[in-house]
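For reference, the structure discussed in these notes is given below.
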Amino acid sequence: MYLCQTFPSHSSTAKNFVSMRSLLFSLFIVLGVFSTGISQSLEVGPQLGGMLYTGDLDPKQFGENYKNLKPTVGLHLKYNHNDYFNLRLNLVRGSVQGRDELSGQEWQLRRNLSFETSITELSLLIENNIFGFSTNASKDKIFTIHAFAGIGVFKFNPRTLYDGQYVDLQPLGTEGQGMAGYEEKYSLTQLAIPMGIGLKFRLSEQLSLGLELSSRFLFTDFLDDISGNYVSHEELLAGNGQLAAALAKREAEYTGIDAPYTEETGSKRGQADVNDYYSTGMLTISYHFSGAKLFGGSGKTNCPSF
């Protein structure tokens, strides 16, 4: 049984969003209770970097995988509880891709699958400035290593280029999804666990610069539409149609021999015991609204003037 079965319906997806919103509200309330007499601050800023996929379409040579690197942008809003702990809301928009053609292994070249998908992710993170950090010029905490982890929700939709046109893969059921005796089609909205580490530098009392590397541990192995076993060509053709059978394995395009694939039902197509994941490397710039009392009390907020 695949872990993605945890999210079989739109009602489950809705519950995930409600749970995340409730978590965000609860954490702000908790921090508010303990913020009496402490001067907090907010910061906001853009992110720019790259996103990389790891999964069943990885090439044998790790260095070849960087040919799949795709640009990524993001936006973050942070609530700085003190010099050591922050609460962060993160929005990221990027894309990932994978191609068997980058592999030097004959079995992958014959499988000849490929995919790409955009990814939109919203996450809530707890961030720890390990050595402490402040943009206050009176403090010497101008540099730190920081680590972060949390929970996120992301949307994806794997597709592939076939006969000069992009085809969405999830509706096809290339591993028999939707057929009698097989799983339901996987959800295109899933949970993720982001974790990462980075460096942070103070540029001024209002500006800071960060560098981050992070990975998302996923609860699905279908980011690339590949997970477990083949369904035989004849069975898949009868159950899910010609296009599903054509894209379950694309050996004919590699060999030039126009013949259906010969794998039997149950033979290995992907590595179902290891889920896919994606990673990002990001440059972040933050503007700090320092000195604000966010939950009552007084305090001067250094907002920009125009």
Residue count, segment 68-104 (criterion: among the β-branched types (Val, Ile, Thr) and at pLDDT below 95)
0
Here is a list of conditions, (1) modelled with pLDDT under 95; (2) in contact with a strand residue (DSSP E or B) (Cβ under 6 Å, 6 or more places away or on another chain); (3) of a type in the set (Ser, Thr, Tyr), and Thr117 meets all of them except one; can you say which number that is?
(1)
Among the residues of segment 56-67, are any modelled with pLDDT of 95 or more, over 23 Å from Phe143 (Cβ atoms), in contact with a strand residue (DSSP E or B) (Cβ under 7 Å, 6 or more places away or on another chain) and not β-branched (Val, Ile, Thr)?
yes
Counting only residues in segment 235-264 that are in a loop (DSSP other than H, G, I, E, B) and in contact (Cβ under 8 Å) with a residue 40 or more places away in the chain, the one surrounded by the most Cβ atoms within 10 Å (Cβ to Cβ) is identified as Lys249
One residue is enough: does segment 59-79 have a residue meeting the conditions under 16 Å from Gln271 (Cβ atoms) and of a type in the set (Asp, Glu)?
no
Filter result (modelled with pLDDT under 90, in a strand (DSSP E or B) and hydrophobic (A, V, I, L, M, F, W, C)) within segment 36-55:
none
Residues in segment 211-234 that are closer than 26 Å to Asn275 by Cα, not in a strand (DSSP E or B) and not hydrophobic (A, V, I, L, M, F, W, C) total 9
Give me a count of the residues in segment 102-124 that are aliphatic (A, V, I, L, M) and surrounded by fewer than 22 Cβ atoms within 10 Å (Cβ to Cβ).
4
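The values are calculated or read from the model by the stated rules, or taken from the named source; none is laboratory data. Only a predicted model underlies this, so the values are computations on that prediction, with no experimental measurement involved. Ideal geometry is used to build each Cβ from the backbone, glycine not excepted, and the neighbour counts take in all protein chains shown.
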